[in-house]
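Engineer: Please read through the structure below; I'll follow up with questions.
Taken together, the values in this text are just the output of simple stated rules run on the coordinates, not laboratory data. Here the structure is a predicted model, which is why all the values come from computation and not from measurement. Note that each Cβ is placed from the backbone with ideal geometry, even for glycine, and that neighbours are counted across all protein chains shown.
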Amino acid sequence: MASPHSKTALPHSVSAMLSRLKRQIRAYVAIDGLARLVTWLIAAYWIGLAIDYLPVAVGSTELPRAARLVLLILVSTMAAFLLMRYVVWRIIARITPQSLALLLERRYPELDDTLITAVATTPEADSANPELHEAMLARAVTLAEQRARTLDTRQVLNYRPLARNLAFALMGVASFVGFALVAQDAFAIWTRRYLLLSDELWPRRAYVEVLDFAEGRRKIAEGNDLVIRVRAAADRATPPPQVCTIYYQTDGGERGRVHMSLDGDPSEGFQYYRYEGQPFQGMLEGVEFDVVGLDYRARGYRVDVVASPSIVELNLVAELPAYLAQPTRREQWRPGLSLPAGSTLTLQGRASKRLQQVRVASADSADEALIDVSGDSENFEFSAGRLDVTTTWQFELLDTDDVQSEQPYRVTINAMEDLPPQVEISLRGIGTAITPQATIPVGGQITDDYQVKSSWFQVDVPDKNITRRVDLPTNRIRPLDQALDLRAQRADAPADWELGAGDKVVFSVRALDAYDLDDTPHLGQSDDLPLDVVTPDELLALLEARELNLKRRFEQTLSELVETRDGLLKLTAELLIAQEPPKEPERSTNENTALDGETQVGTGADSVDPARDATLRLLRAQRAQQQAAKAQQEVDGVAASFADIREELINNRVDTPERNERLQTKIIDPLNEAVGQAFPAWLQQLAELEQQLNSPDTALPTAQLSVERANEIILVLQAVLDNMLELESYNELIDLVRSILSEQESLQKDTEAERKRAARALLEE
């Protein structure tokens, strides 16, 4: 039968001890969890500070806002986990008396399981003997109560981990408070950056800025070099960095770093640096780079490589000087282009890229001009002004990428000075002496760069200080075929054109162009041709002396031609001998020496060397050709000289029909016919003879024909020589008549003088 008591009640002291222990455990876990939480929060604070600031200390940058947001989320998540895991969950955990009793039994072995028995055992545990069970439980409770009175529940817990966690938390709090007190600015900055996600930057010890990079970018022409220039503030508490470092990455993926060198001493509060090496030399690809000096990093700079601008077309518009009377020239510029001096130029160019400015500088002076290109166009225009001398301009292009042309574009335009007219003349049928009534034929050409304004004959008499001028019809370039008739000029203006025997005149042709750019006229003139004014008799005497010299020269030519004919006769004889059958060679005791120094070819019996005979024949044929050609030239010269004499007779108006006819038909025409027909045919035969000498049978007829042709020419020339002798006799007769007339005239003058003297004597008596 069950006991009326379901359970033996625990003594108050035991229950109080267990309750106290439970409170101690909850306090322990709460303090421990909070210590862990504080430690984590402060550790996360310092870790975040290190991650954010330490890169700055070595020249990097702060954490971006996104990274700090992620960090804050991670820290908050971890803090919530620690709070729940080590504080809330532990505090709300159910702690049973049995657990507490076991904890005490483990800590205090002297309880000898009485506490756990008193707490965990119930009367129903032994239904067979409930009275015994109740007695034992009472005994255990009594013993537990007795022994619990002396127990210290605080000794149950291990305070070393708690102390450690509290120490970490206190150190964290101390560091946090110390940081807030000692580095208030840094504490405030990081707190705002960490908790408020502010973008406020950390203060730097140094300040560095990259020069010449607008908005962090710069463009450079492909293949060019770039100098990176940087300056650092030198007026801060921290001295400026001794070295600035460039960290770069090319578009090709190459990474690296280079150090910049100091550029002089600090100036105006800044220390300057420069770098001019790879990868900024001969750049072919883009580069991104940062510059670090101490804890400051100037980042996000880029160099873009672009094609440099160049001129692809250049045209010019040239307003030529008004005196040229030519239209405006429009053409493309090319090296070596020349324009008349005084032209007004405008250059119109087109570039390979859109331009913003063109700088034009003169290579010959300090003049320069800046052309602002409107509308970012590829086209530009430059007014070069008046071209007075050869000028070179240098064009430097600046495109819309702020890239200058790699090399200046040189444009040279040659200024063609307007030269005076060029006058080239020759007198035809006039020698060095003229008569007062002569006609002076002039041949030649007057040329000018553009246009001849006027031209004229000019006759100067230096001894009398007289200048006479006769205008000529003029055009730009034309052959000159005019004649100055002294008799006609004297008839028109007898006072100005009265020339007498003994005068010395200087004849020339002069021309003037239309040049008007300055006060100096452009006058061109031919060579001065001095002429002596003589009487008709004196001129005839001079011409007769020339005829005599020509006759002697002609006689010499005829004599040499006869010798050439004789040589051909010898050659013909040698060819006849060469046709005879060869005989046994015999030693010749007699050797005939030719007049020209060669050993003559003997008879068949005397010939000892056929090869030598053939060589001598070839030599005769070649000499015959040379002498024939020479004679042709001499005869042609004699004919031309007699033609000049005839022209001089006509132009000086001292000719007679008989004399003209005699010179033309008996001397000039036969000589010209011989030169134009007989001599060429003869020379052709002689050339054929030279080719046929290897075959005597073939060469013999040609040699005979050559001799006949030579005889015909000699007969013609001999007839001409006879006519020359006849003309000489005629001239002598004319001279005799001229002398008689001269004596008669002198006698008349003497008689007239005597009459005057006698009349004067009678008057005096």
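Engineer: Whole Å is fine, so just give me how far the alpha carbon centre of segment 182-247 lies from that of segment 507-555.
Structural biologist: One Cα centre to the other: 93 Å.
Engineer: Within segment 161-203, find all residues whose amide N lies under 19 Å from a label point positioned 7 Å from the Cα of V70 along Cα-to-beta-carbon.
Structural biologist: 193-199
Engineer: Step through the residues of segment 210-224 one at a time and calculate ³J(HN,Hα) from phi using the Karplus curve (6.51 cos²θ - 1.76 cosθ + 1.60, θ = phi - 60°), rounding each to whole Hz and writing x for Gly and Pro.
Structural biologist: Result, rounded to whole Hz: 8, 8, 6, 10, 6, 6, x, 10, 8, 10, 9, 5, 4, x, 7.
Engineer: Compute the FRET efficiency between I650 and R329 as 1/(1 + (r/R0)^6), taking r as their Cβ-Cβ distance and R0 = 45 Å, and round to the nearest 0.05.
Structural biologist: Working: r = 50 Å, r/R0 = 1.10.
The value I calculate is 0.35.
Engineer: Separate question: Round to the nearest 0.05 the FRET efficiency obtained for D235 and D212 when R0 = 22 Å and r is the Cβ-Cβ distance.
Structural biologist: 0.50
Engineer: Regarding segment 34-88, what are the three Cα extents along the principal axes, ordered largest first, in Å?
Structural biologist: 44, 20, 8
Engineer: What does the convex hull of the alpha-carbon atoms of segment 422-534 project to on average, in nm²?
Structural biologist: If I average the Cα hull's projected area over directions, I get 7.2 nm².
Engineer: On a full-extension model of 0.36 nm per residue, what is the gain between R490 and L569, subtracting their alpha-carbon distance, rounded to one decimal in nm?
Structural biologist: Gain on extension, R490 to L569, equals 22.3 nm.
Engineer: Report the normalised scattering of segment 317-416 as log10 I(q)/I(0) at q = 0.16, 0.17, 0.19, 0.21 Å⁻¹, calculated by the Debye formula with identical scatterers on the alpha carbons.
Structural biologist: The Debye formula, applied to the Cα set alone, gives -0.70, -0.78, -0.93, -1.09.
Engineer: With the Cα gyration tensor of segment 524-572 giving a ≥ b ≥ c as the square roots of its eigenvalues, does the rule (a/c under 1.5 for rounded; else a/b larger than b/c for prolate; else oblate) give rounded, prolate or oblate?
Structural biologist: oblate
Engineer: Would you compute, for the Cα atoms of segment 215-287, the largest minus smallest coordinate along each principal axis and list the three values in descending order, in whole Å?
Structural biologist: So the extents along the principal axes, rounded to whole Å, are 41, 22, 21.
Engineer: Just grab the label-to-label distance for R302 and I31, each label 7 Å out from Cα along the Cβ direction, in nm (one decimal).
Structural biologist: Each label point lies 7 Å from its Cα, and together they span 6.1 nm.
Engineer: If every alpha-carbon in segment 358-513 counts as one equal scatterer, what log10 I(q)/I(0) does Debye give at q = 0.14 1/Å?
Structural biologist: For segment 358-513, the Cα-only Debye profile gives -0.77.
Engineer: Scan around Y301 for amide H atoms under 5 Å from its own, H built in the peptide plane at 1.01 Å from N, and keep only partners 5 or more places away or cross-chain.
Structural biologist: For Y301, whose amide H was placed from the backbone, the distant partners under 5 Å are F289.
Engineer: So, one more: In µm²/s, what is D for segment 420-481 at 37 °C and 0.692 mPa s, where D = kT/(6 pi eta Rh) by Stokes-Einstein and Rh is the Kirkwood radius from Cα pairs? Walk me through the intermediate numbers first.
Structural biologist: On the way: Rh = 13.2 Å.
For these conditions, the coefficient is 250 µm²/s.
Engineer: Still on this model: Which cross-chain or sequence-distant (5 or more) residues have an amide H under 5 Å from the amide H of T390, H modelled 1.01 Å from N in plane?
Structural biologist: The list, which skips near neighbours in sequence, is A415.
Engineer: Sort largest first and round to whole Å: the equivalent ellipsoid semi-axes of segment 395-447, each the square root of five times a Cα gyration tensor eigenvalue.
Structural biologist: Working: eigenvalues 791, 12, 9 Å².
Equivalent ellipsoid semi-axes, largest first: 63, 8, 7 Å.
Engineer: Can you tell me the length gained on complete extension of the stretch T392 to E555, counting 0.36 nm per residue apart and subtracting the Cα distance?
Structural biologist: Using 0.36 nm per residue and subtracting the Cα-Cα distance, I get 52.0 nm.
Engineer: Taking 0.36 nm per intervening residue step and subtracting the Cα-Cα distance, what contour gain separates E754 from I466 on full extension?
Structural biologist: 99.9 nm
Engineer: How much net charge surrounds I189 when only the other residues with a Cβ under 13 Å from the Cβ of I189 are counted, with Lys and Arg +1 and Asp and Glu -1?
Structural biologist: Result for the local shell: -1.
Engineer: Based on the mean of other Cβ atoms within 10 Å per residue, sort peptides 249-261, 53-65 so the most packed one is first.
Structural biologist: Most protected by this proxy first, the peptides run 53-65, 249-261.
Engineer: Mind giving me the nanometre distance, one decimal, between the label points for R160 and S454, set 7 Å out from Cα along Cα→Cβ?
Structural biologist: About 13.5 nm, to one decimal.
Engineer: Sticking with this structure for a sec: Taking θ = phi - 60°, what integer Hz values does the Karplus form 6.51 cos²θ - 1.76 cosθ + 1.60 yield along segment 267-279, in sequence order, with x for Gly and Pro?
Structural biologist: So the Karplus estimates, Gly and Pro as x, are 9, 6, x, 9, 10, 9, 9, 8, 8, 9, x, 5, x Hz.
Engineer: Within 10 Å, count the other beta carbons around each residue, average over each peptide in 224-231, 457-464, and list them highest first. Could you put the intermediate results ahead of the total?
Structural biologist: On the way: 224-231: 18.6, 457-464: 16.1.
The most tightly packed comes first, giving 224-231, 457-464.
Engineer: Given the C-alpha atoms of segment 173-262, compute the convex hull and give its volume per residue in Å³.
Structural biologist: Hull volume over Cα atoms, normalised by residue count, gives 184 Å³.
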